[in-house]
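Worksheet: one structure, shown below.
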Amino acid sequence: MYSKLCAMLAKTSLKFAATGLVAIIICVLYQVFGRYVLNDTPTWAEQLALLLVSYVTMLGTAAGVRDAGHIGLESFLVLAPEEIRRKLELVIHALVGAFGVSMVYYGSILAADQWQEMLPTLGVPDGLRYVSIAICGALIVLFSIEHLIAIVNKEEVVPAWH
């Protein structure tokens, strides 16, 4: 049940990231069109694209952690005996989860600190940029727990895109 929830969260993250990527492309195209064709640069397009980049990056990163798409030194783990490999994988996923906790904590602090500041061309709080860090951290914690459970049960986490 937990694995299905995590898979659903990862798929949803990837869908939002893909939608955000399309929105970034549209923003940049509109900005180029406005600058060179209309001679009137839309100032909000750049700020919106930058905001979307943070969400696309963070959501994609969280899904990558769940689907084991992140950088790892698996060549060393493959050479290790089974029991040592499992212990090392537990340590690795616990450390990744701890990093996710720090992302939630510090991302929340950054968002709260910047919430009163407004992005001038968008009219939204500047803290919105940092909410993506906290969301990514929370997802990483959930996905790390899923990996820890799978390792203890001697199972594999099936990637969400299957």
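The values are calculated or read from the model by the stated rules, or taken from the named source; none is laboratory data. Here the structure is a predicted model, which means the values were calculated and not measured. Here the Cβ positions follow ideal geometry from the backbone for every residue, glycine too, while neighbour counts run over all protein chains shown.
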Under 8 Å by Cβ, and 6 or more places apart or on different chains, what pairs join a residue from the range 75-97 that is on the phi < 0 side of the Ramachandran plot with one that is surrounded by fewer than 14 Cβ atoms within 10 Å (Cβ to Cβ) and part of a helix (DSSP H, G or I)?
R85/V78; L90/V152
Would a scan of the range 64-82 turn up a residue that is in a helix (DSSP H, G or I), crowded, with 19+ Cβ neighbours inside 10 Å and modelled with pLDDT of 90 or more?
no
Looking only at the range 1-51, which residues are of a type outside the set (D, E, K, R), over 26 Å from the mean Cα position of the chain (by Cα) and not in a helix (DSSP H, G or I)?
V37, L38, N39, T41, P42
Looking at I133, I149, which one is β-branched (V, I, T), at pLDDT below 95, surrounded by 15 or more Cβ atoms within 10 Å (Cβ to Cβ) and in a helix (DSSP H, G or I)?
I149
Is there any pair linking a residue in the range 134-162 that is basic (K, R) to one that is assigned to a helix (DSSP H, G or I), with Cβ under 9 Å and at least six apart or on different chains, and which?
K154/R86
Kindly indicate which of L139, L122 is of a type outside the set (D, E) and in a helix (DSSP H, G or I).
L139
